[in-house]
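Trainee: Structure in structure tokens, see below.
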Amino acid sequence: MKSERRGREADVFRDFARSGSAGADPDLAPVRVPDVLLYNSAVSGNCYKVRLVCAQLGIPYETIEVDVVDRSNRRDLLGDLNPALRVPTVVLDDGRPLAESSAIIWYLAESSQLVPADPYERAQVLQWMFFEQYLLEPTIAVVRFWVAYSGRADEFADQIPAKMQGGYAALDGLERAFDGNDFIVGDRYTLADVALYAYTHVAHEGGFDLSGYPAIEGWLARVAARPGHVPIDA
């Protein structure tokens, strides 16, 4: 049953009009360019990471939109593809699925300049991707969802102050880490910047004030100015 479903999804690829790569950054282009079917939410920062990497590397992809509030059809939609039933989930052109934003963007970018060749710098990229998923995403992203997208912000009012405190602690750590550098690892643009940018640049939607973080604000502007950059609402 699973192989039949994946086969059908592989067929879907061939019927889709694929996204172009004209805006890709040629300096980041990977050696291999897979096609991707992305189970996507337009407002999800985790899904945005995948779309941003695809745009900057010129990777053709198509999306199936998934509601982040109404999850009633998740098992039917993603049950054979992702045990956590979350987005982003991708299906490659050979029918193989892959879940979790960090795993997906690492796979897509592994042979590109977004992933350093130096082993220590590669480990640093992973360090900051883990930082984002363990400290930044559970606070800033959660408050943003509660306030701006859940439609039930009042229900979470008593939990928001603690989450805000945790979010500002994550921002404090990120601000200190730049230490005069333009980017977070090796002073060049990497997957770490993609991962951290996704929710940091929309933190204001959850009520976070970034005006006290000049290094972060400068970095956000530099990331947005990169060749091939696309906004979250593109």
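None of the figures in this text is laboratory data; all of them are computed from the coordinates on show. Please read all numbers here as calculations on a predicted model, not as lab measurements. So basically every Cβ, Gly included, is an ideal-geometry build from the backbone, and we count neighbours across all protein chains shown.
Trainee: Could you give me D for region 168-209, from Stokes-Einstein at 20 °C and 1.002 mPa s, where the hydrodynamic radius is the Kirkwood radius over C-alpha pairs? Units µm² s⁻¹, please.
Mentor: Values: Rh = 11.0 Å.
Answer, rounded: 194 µm²/s.
Trainee: Name the residues whose placed amide hydrogens come within less than 5 Å of the amide hydrogen of T89, ignoring near sequence neighbours (fewer than 5 apart) on the same chain.
Mentor: So T89 has HN proximity to Y39.
Trainee: What's the Kirkwood radius of region 181-234 in Å, using all Cα pairs?
Mentor: Numbers: mean 1/r = 0.0853 Å⁻¹.
Taking the inverse mean of 1/r over all distinct Cα pairs, region 181-234 comes out at 11.7 Å.
Trainee: Under the 0.36 nm per residue contour assumption, what length would be gained going from the current alpha-carbon distance of Y107 and A162 to full extension?
Mentor: Going from the current span to full extension adds 16.4 nm.
Trainee: Calculate how large, on average over all directions, the projected area of the Cα convex hull of the chain is; give the answer in nm² to one decimal. Walk me through the numbers before you get to the answer.
Mentor: On the way: hull surface 51.7 nm².
It is 12.9 nm².
Trainee: In which sequence would L52, L57, L85 go, from the one with the fewest C-beta neighbours within 10 Å to the one with the most? Walk me through the numbers before you get to the answer.
Mentor: On the way: L52 25, L57 22, L85 17.
Ordered from fewest to most neighbouring Cβ atoms within 10 Å, L52, L57, L85 come out as L85, L57, L52.
Trainee: Where in the chain lies the longest segment free of trypsin sites (Lys or Arg not before Pro) that are both loop residues by DSSP (not H, G, I, E, B) and have at most 15 other Cβ atoms within 10 Å?
Mentor: Numbers: sites that count: R18, R32, R71, R152.
My reading of the result: 153-234 is the longest stretch.
Trainee: If you don't mind, another one. I want to check the label-to-label distance for D118 and E65. Put each point 7 Å from Cα in the C-beta direction and report it in nm to one decimal.
Mentor: Placing both labels 7 Å beyond Cα along the Cβ direction yields 4.3 nm.
Trainee: Something else about it: Using the crude model of +1 on Lys and Arg Cβ and -1 on Asp and Glu Cβ, and no other charge, please compute the dipole size for region 119-224 relative to its Cα centre, in debye to 20. All intermediate terms of the calculation are to be shown ahead of the outcome.
Mentor: Details: 7 positive and 15 negative charges, 39 e Å.
Taking the Cα centre of region 119-224 as origin, the dipole is about 180 debye.
Trainee: Which whole number of Å³ per residue matches the convex hull of the alpha-carbon atoms in region 51-159? Walk me through the numbers on the way to the answer.
Mentor: Values: hull volume 14.2 nm³, N = 109.
About 131 Å³ per residue, rounded to a whole number.
Trainee: Can you tell me the equivalent ellipsoid semi-axes for region 119-224? Use √(5λ) from the Cα gyration tensor, largest first, whole Å.
Mentor: Working: eigenvalues 132, 37, 26 Å².
Computed over region 119-224, the values are 26, 14, 11 Å.
Trainee: Just rank E137, E100, E132, E155, fewest to most, by other beta-carbon atoms within 10 angstrom.
Mentor: Details: E137 21, E100 15, E132 28, E155 10.
Arranged by neighbour count, lowest to highest, E137, E100, E132, E155 become E155, E100, E137, E132.
Trainee: If I model a spin label as a point 7 Å beyond the Cα along the Cα-Cβ vector, how far apart are those points for Y134 and D154 in nm?
Mentor: It works out to 3.8 nm between the two label points.
Trainee: Using 1/(1 + (r/R0)^6) with R0 = 25 angstrom and r between the beta carbons of H204 and A42, what's the FRET efficiency to the nearest 0.05?
Mentor: Numbers: r = 18 Å, r/R0 = 0.71.
The formula returns an efficiency of 0.90 here.
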